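The values are calculated or read from the model by the stated rules, or taken from the named source; none is laboratory data. All values reported here derive from a predicted model rather than from experimental measurement. With ideal geometry, Cβ positions are generated from the backbone for all residues, glycine too; neighbour counts draw on all protein chains shown. We work out accessible area using only protein heavy atoms, side chains counted, and drop any ligands, DNA or RNA first. Shrake-Rupley method; radii C 1.70, N 1.55, O 1.52, S 1.80 Å.
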Amino acid sequence: MKILVTGFDPFGGEPINPALEAVKGLADEIHGAEIIKLEIPTVFGKAAEVVAAAIEQHQPDAVLNVGQAGGRFALSPERVAINIDDARIPDNEGNQPVDVKIQEEGAPAYFTQLPIKAMVTAIKEAGLPGVVSNTAGTFVCNHIMYQVQYLIDTKYPSLVGGFIHVPFIPEQVVEKANMPYMSLADMTKGLTAAIGAIVDFSGKEDLKVIGGAIH
């Protein structure tokens, strides 16, 4: 099995993106699966072009995009991507689309094929906080998750894909009072556990455990 794992470059004025650094720390093989690590730009459109080219080149069995969600306390696999770009801040090239469809012919939303409940369970078993998320936002994180799902829907039906958000690391919250964070080592540990679940549950149904939210 081959898994493409991507991490965004820094954005929003931050000097580092823990998603990228945690991805860099992953082993080259997890549970027998080959791990292909890729840095992608925090830029609408361009991020999707880079990932599409990597999928074409490497022909992975699964794609896991990783992004930063400052303010979250847990590693959070995403359940769904929606067909809208609505940027609160500009991306790294100054683009700031507002209420723009990602794909005119795409579905209103796509659900991940990854075993998100098993991933959360594995993260918790590794001693780290994990939670299913039901919104990937409307910035470049949701954008890339949707674009990968669109490729799966239109070009790569045997591919599976999804997204996981990570918190800030300690260096990023020195001047951010009461902001949750996680060490980079723990992020890589949690991602490793989540990827292990992707491998172990390949071709199987996800765990039927509670992962919903009231709001």
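Order 144-152, 36-44 from most to least packed using the mean count of other Cβ atoms within 10 Å. If you can, show how the numbers build up before the last one.
Values: 144-152: 24.7, 36-44: 19.6.
Highest mean packing first, the order is 144-152, 36-44.
What order do you get for 17-23, 89-95 when each peptide is scored by the mean count of other beta carbon atoms within 10 Å, highest first? Let's see the in-between values first.
Values: 17-23: 24.9, 89-95: 13.9.
Per-residue Cβ counts within 10 Å, averaged per peptide and sorted highest first, yield 17-23, 89-95.
Read phi for every residue in the range 86-92 and hand back ³J(HN,Hα) as whole Hz from Karplus 6.51 cos²θ - 1.76 cosθ + 1.60, θ = phi - 60°, with x for Gly and Pro.
8, 7, 5, 10, x, 7, 6
So what's the net charge close to ALA33: Lys and Arg +1, Asp and Glu -1, counting the other residues with Cβ under 13 Å from its Cβ?
On the way: positive: LYS2, LYS37; negative: ASP28, GLU29, GLU34, ASP61, ASP200.
Computed value for this residue: -3.
Please calculate the 1.4 Å probe accessible area of LYS204, with all protein chains present, and give it to the nearest 10 Å².
140
Please compute the volume of the convex hull spanned by the alpha-carbon atoms of the range 1-41 and report it per residue in Å³. The partial results should precede the final answer.
On the way: hull volume 2.1 nm³, N = 41.
Normalising the Cα hull of the range 1-41 by residue number yields 50 Å³.
With only Lys, Arg, Asp and Glu charged, each at its Cβ (+1 for the first two, -1 for the last two), find how big the charge dipole of the range 75-135 is about the Cα centre; round to the nearest 20 debye. Before the final figure, lay out each step's value.
Details: 5 positive and 9 negative charges, 92 e Å.
It works out to roughly 440 debye.
Just how much of ASP9 is accessible, in Å², when a 1.4 Å probe is used and the result is rounded to the nearest 10?
30
In whole angstrom, how far apart do the alpha carbon centroids of the range 100-145 and the range 151-173 sit?
7
Placing +1 on the Cβ of each Lys and Arg and -1 on the Cβ of each Asp and Glu in the range 2-201, which of LEU64, ALA118, ILE35 has its Cα farthest towards the positive end of the resulting dipole?
ALA118
Magnitude of the Cβ-charge dipole of the range 2-201, K/R +1 and D/E -1, about the Cα centre, nearest 20 debye? Let's see the in-between values first.
Values: 13 positive and 24 negative charges, 100 e Å.
For the range 2-201, the charge dipole is close to 480 debye.
How large is the accessible surface of PHE11 in square angstrom, using a 1.4 angstrom probe and rounding to the nearest 10?
Here the accessible area works out near 40 Å².
What lysines sit close enough to LYS117 to cross-link, taking a C-alpha to C-alpha distance under 22 Å and skipping anything fewer than 8 places away on the same chain?
Cα-Cα hits under 22 Å: LYS2, LYS189, LYS204, LYS208.
Which residues among the range 39-67 fall inside the zone where the amide N is under 11 Å from a point 7 Å beyond the Cα of ASN95, along Cα→Cβ?
Only 41-50 fall inside the zone, counting backbone N under 11 Å.
Given the options ALA54, ALA122, ALA197, state which has the largest fluctuation in a GNM of the chain using a 10 Å cut-off (strictly under) for Cα springs.
Of ALA54, ALA122, ALA197, the most mobile in the Gaussian network model is ALA54.
I need the shape label for the range 16-77. Rule: rounded when a/c is under 1.5, else prolate if a/b > b/c, else oblate, with a, b, c from the alpha carbon gyration tensor. All intermediate terms of the calculation are to be shown ahead of the outcome.
Working: a/c = 2.01, a/b = 1.14, b/c = 1.76.
Here the range 16-77 falls in the oblate category.
Are there DSSP H segments in the chain that both extend 15 Å or more along their axis (alpha-carbon positions) and score a mean Kyte-Doolittle hydropathy of at least -0.5? List them, or say none.
Working: long enough: 46-58 (18 Å, 0.33); 140-154 (21 Å, 0.34); 184-200 (24 Å, 0.99).
Span-like helices here: 46-58, 140-154, 184-200.
Can you bin the range 58-180 into rounded, prolate or oblate? Criterion: square roots of the alpha carbon gyration tensor eigenvalues sorted a ≥ b ≥ c, rounded for a/c under 1.5, prolate for a/b above b/c, oblate for the rest.
Because a/c hits 1.5 or more and a/b fails to exceed b/c, the range 58-180 counts as oblate.
What is the dipole size for the range 12-84, taken about its Cα centre, with +1 at each Lys and Arg Cβ and -1 at each Asp and Glu Cβ, in debye to the nearest 20?
Numbers: 5 positive and 10 negative charges, 64 e Å.
Around 300 debye, computed over the range 12-84.
Using a 1.4 Å probe on the protein heavy atoms, what percent of the accessible area of the chain belongs to carbon and sulfur?
Values: 5210 of 9900 Å².
The computed percentage sits at 53.
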